1. So, in region 139-177, of the ones that are of a type in the set (Lys, Arg) and open to solvent by 10 Å² or more (accessible area, probe 1.4 Å), which residue ends up farthest from the ligand (Cβ to nearest atom)?
2. Can you run down the residue pairs with Cβ atoms below 8 Å, 6 or more apart or on separate chains, where the first is in region 17-35 and in contact (Cβ under 8 Å) with a residue 24 or more places away in the chain and within 27 Å of Asn75 (Cα to Cα) and the partner is within 16 Å of the ligand (Cβ to nearest atom) and of a type in the set (Asp, Glu)?
3. Find the residue count for region 60-119, including only residues that are assigned to a strand (DSSP E or B) and open to solvent by less than 60 Å² (accessible area, probe 1.4 Å).
4. Test Gly210 against the criterion of being in contact with a His (Cβ under 7 Å, 6 or more places away or on another chain) and in contact (Cβ under 8 Å) with a residue 12 or more places away in the chain, and give yes or no.
5. On the given criteria, is Ile6 open to solvent by 10 Å² or more (accessible area, probe 1.4 Å), within 13 Å of the ligand (Cβ to nearest atom) and in contact with a helix residue (DSSP H, G or I) (Cβ under 9 Å, 6 or more places away or on another chain)?
6. Failed condition for Ala395, given (1) within 30 Å of Val57 (Cα to Cα); (2) free of Cβ contacts under 8 Å to residues at least 12 places away in the same chain; (3) among the small types (Gly, Ala, Ser), with all others met?
7. In this structure, does Leu96 turn out to be within 13 Å of the ligand (Cβ to nearest atom) and within 30 Å of Glu388 (Cβ to Cβ)?
8. Do any helices (runs of 4 or more DSSP H) lying entirely in region 345-438 carry at least 2 residues that are open to solvent by less than 60 Å² (accessible area, probe 1.4 Å) and of a type in the set (Asp, Glu), and which ones are they?
Amino acid sequence: MRHIAIIGSGPAGYYTAEAAQKTFGDDVRIDVFDRLPVPYGLIRTGVAPDHQSIKAVSKRYEKVALSENVRFVGNVAIGEDVSIPELRGLYDAVILATGAPRDRPLGIPGDDLGNVFGSAAFVGWYNGHPQFAGLDPDLSGKTAVVIGMGNVALDVARILAKTRGELAGSDIVTHALHALDNSKLERIVLLGRRGPHQIMMTPKELGELGELARAAPHVAQTDLPPPEDDAILEPGLRKSVSHLRAFAATPEHIRAEKPVEVEFVFLSAPRALLGTGKVEAIEIEKTRLVHGQAEGTGAIERLRADLVVSCIGYRTSPIPDVPFDERAGRFANDDGRILTGLYCVGWARRGPSGTIGTNRPDGYAVVEHVAEDIEQGMLGRAVKQGGEGFDRLAAERHLRVVTFRDWKKIEEAEERAARDGAPREKFVDVEAMIRAGD
Ligand SMILES: Cc1cc2nc3c(=O)[nH]c(=O)nc-3n(C[C@H](O)[C@H](O)[C@H](O)COP(=O)(O)OP(=O)(O)OC[C@H]3O[C@@H](n4cnc5c(N)ncnc54)[C@H](O)[C@@H]3O)c2cc1C
């Protein structure tokens, strides 16, 4: 019998568990750890609350979680409650699927002002991540600036722009719904260093901006390259750019029917945030494109900004005893291998890129490495204690482990507490989650 510990219960964690089941069959026991008492990582705390059909992928992970040889071991933080050397002593393979939960810092003067947030924190706030539930952003100003031109920036802009009615079927947490209800925002700026051809927004998500009840997107016609230039773009990007063209073609009097404007500001690099205590403005340097990269022109402009959310990428959190690549912001690894018997997968391996599905081949590839390493005798004989050894350690340390059965009780309680029309009302507090699972 082989024992595998997977650290992290997001997409990468569960695709890896699925691959290990397929590869090793009845000869494996798999423990999937998570620092939270609830599973599924960013499916729960990242994916937008108004995109419920995407969150439904968790049903596939549930099937894996409910199999005989897989356990969910929640509320255990690896590197804090239990160390990596301890786990390596207990399991044949330890696979880190811990994601990239920290915001890449903006790194400009003023980024520590009030009402300036990274997207991990801001998205965590409206999605009920216990670490960020108390964020309390001030939405009483008129202008929000969302830095970045990817799908996360789009999510943030869309959620800020939606009405209570539009969020009715979502699982946005009630504290965020109340705050958005009282929002005074009239202008949401999406700020990008590069141009319309360099956006990282997928067509379906971008198209949604054109269908909002009280908000209209605005792109300046003069910012768009000549239409014939779109021919060289790959089809997905070309479709996204066609949405930008449609936004630009909407007459002003039609846009003016909606009280909130979502404005695209291209070729603008943030240089400083200004304000006393709280952010009031953002200083940008206009850029031009040189071989697809943004180069400063020296022209400085100032935009009002009462709220700033930067959506410029994520970094993995280091764990003691695991080699870390500071520059890349993820574990140092060679195609998923870190040290003998220690691997990484998903965002912890490759950084924050791709879709949920991209983590599936990742999981299968790392399990292939484990199988090769076993075959070549690198992981020793099958004598490790696995989950039984962990249970002894957890009892000695009085850890409050949350099982998958406990999670199902938490889930039922969340479903019972849902607002009318919403799928669930999430607990945003770890203690409350644990109590509901008892
Ligand atoms: C805001 C946002 C929206 C997104 N929307 C979409 C979308 O609509 N469609 C799409 O295809 N993709 C989307 N993605 C991308 C998708 O969420 C990721 O591809 C995917 O979640 C990465 O999976 P992962 O398992 O590597 O990491 P994660 O999902 O982050 O899972 C990591 C897990 O590890 C746990 N963990 C971390 N450290 C420890 C530790 N020390 N001990 C124990 N457990 C730990 C965490 O609690 C977490 O549960 C979105 C991402 C973000 C940020």
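The values are calculated or read from the model by the stated rules, or taken from the named source; none is laboratory data. Since the model is a prediction, treat every value here as computed from it, not as a measurement. Cβ coordinates were reconstructed from backbone atoms using ideal geometry, including for glycine residues, and neighbour counts include every protein chain displayed. Heads up: the accessible areas ignore ligands, DNA and RNA and are worked out on the full protein's heavy atoms, side chains in. Shrake-Rupley method; radii C 1.70, N 1.55, O 1.52, S 1.80 Å.
1. Lys142
2. Arg35/Glu80
3. 15
4. yes
5. no
6. (1)
7. For Leu96, the condition - within 13 Å of the ligand (Cβ to nearest atom) and within 30 Å of Glu388 (Cβ to Cβ) - is met.
8. 359-375, 404-416
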